[in-house]
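The values are calculated or read from the model by the stated rules, or taken from the named source; none is laboratory data. This structure is a prediction, so every number in the text was calculated from the model and none was measured. Cβ coordinates were reconstructed from backbone atoms using ideal geometry, including for glycine residues, and neighbour counts include every protein chain displayed.
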Amino acid sequence: MGLTIHYTLKARGSDVRARELIHALHQTAQDLPFKELGQVVELSGEQCDPSKQPKDDALRWLLVQATESVEVKPKGRMQDPRWTQSFNAPPSRLIAFDAWPGEGCEASNYGLCQYPRVIATDRGPLQTGLSGWRWSSFCKTQYASNPQCGGVPNFLRCHLTVIAMLDRAKQLGCLEEVDDEGGFWKKRNLPALVQEIGSWNEMIAAFGGRLKDLVGNGPGKIESAIAEYPNFEQLEAAGQSKLPPELQKLFALMERVGSRPAQGLLLH
């Protein structure tokens with residue numbers, strides 16, 4: 001949970017073309033205020049599969065984001081048409097790099113991958129339908145707004161750094177789609193972005209606070225990143241009026257049934 005930028009890249013052509021595009025993006029990243037910037041890596045085969053790498057692998061998050069999901073629709077008249085089953089499809093080839101915008105922000109990853117035409121599943125061989133060079137990723141910038149990380153100025157630096165990378169991808173012709181939950185990608189309105197991050201912080205604080213009140217501080221306590229903000233109580237109070245009616249109804253239902261999670265719930 002938190003304001004996030006989702007983006008997809010796509011390219012056609014040879015390995016040389018994909019390599020040129022990613023190195024051009026990496027060159028742009030060197031001119032932007034990233035806190036940390038990794039090198040371009042080229043991997044193939046099992047090197048691209050996060051399940052085959054150590055859990056502490058430095059590239060694990062990049063490999064997780066590079067893994068696509070292939071959905072299978074039900075067969076037979078007795079199957080529920082709303083049901084689908086998903087299978088992971090790690091890349092067969094990967095050219096990518098990771099870049100960390102700054103404190104409180106998730107790492108952002110940029111790359112292009114090729115995927116196998118067929119993957120093995122417990123239902124037999126499955127056509128992936130994934131062709132060409134492609135990349136799907138996201139970067140949560142919400143918690144860069146934590147006052148302990150630098151507040152709104154730090155959030156803006158992180159958020160706009162990712163936007164600048166996507167602007168460059170668009171110039172290079174390899175950007176397919178962007179979904180900026182802050183609205184800046186389309187509007188280019190800084191005051192509106194500042195207002196948006198404030199509203200998100202208040203709403204998430206109010207949501208987390210209400211859940212914590214319901215659950216208490218026992219074994220099933222709620223853990224939330226925004227609870228670490230030094231101004232959490234002020235955000236929580238201001239956000240009560242911003243909770244959607246559907247959430248208000250949910251809280252009323254939880255109180256009615258005495259809901260208690262069996263173990264701690266982490267709100268990202």
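Numbers below:
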item	result
Candidates Ala96, Ala107, Ala89, filtered to the one that is modelled with pLDDT of 90 or more, in contact with a Gly (Cβ under 8 Å, 6 or more places away or on another chain) and surrounded by 14 or more Cβ atoms within 10 Å (Cβ to Cβ)	Ala96
Selection from segment 95-112 of residues that are part of a strand (DSSP E or B) and more than 15 Å from Gln30 (Cα to Cα)	Ile95, Gly111, Leu112
Filter result for the condition that a residue is surrounded by 15 or more Cβ atoms within 10 Å (Cβ to Cβ) and in the same structural domain as Leu235 (by TED's automatic domain parsing), over Trp135, Trp200	Trp200
Hey, Ser51 free of Cβ contacts under 8 Å to residues at least 40 places away in the same chain, on the phi < 0 side of the Ramachandran plot and in the same structural domain as Tyr143 (by TED's automatic domain parsing) or not	yes
Top-ranked residue in segment 1-37 [being of a type in the set (Gly, Ala, Ser) and in contact with a strand residue (DSSP E or B) (Cβ under 8 Å, 6 or more places away or on another chain); ranked as surrounded by the most Cβ atoms within 10 Å (Cβ to Cβ)]	Ala18
Tally, over segment 18-37, of residues that are touching a residue at least 24 places away in the same chain (Cβ under 8 Å) and not aliphatic (A, V, I, L, M)	7
Matching residues, segment 1-48, being assigned to a helix (DSSP H, G or I) and either outside the structural domain of Lys170 (by TED's automatic domain parsing) or among the polar types (S, T, N, Q) (or both)	Gln27, Thr28, Gln30, Gln47
Test for Asp179: is it in the same structural domain as Asp98 (by TED's automatic domain parsing), modelled with pLDDT of 80 or more and not in a helix (DSSP H, G or I)	yes
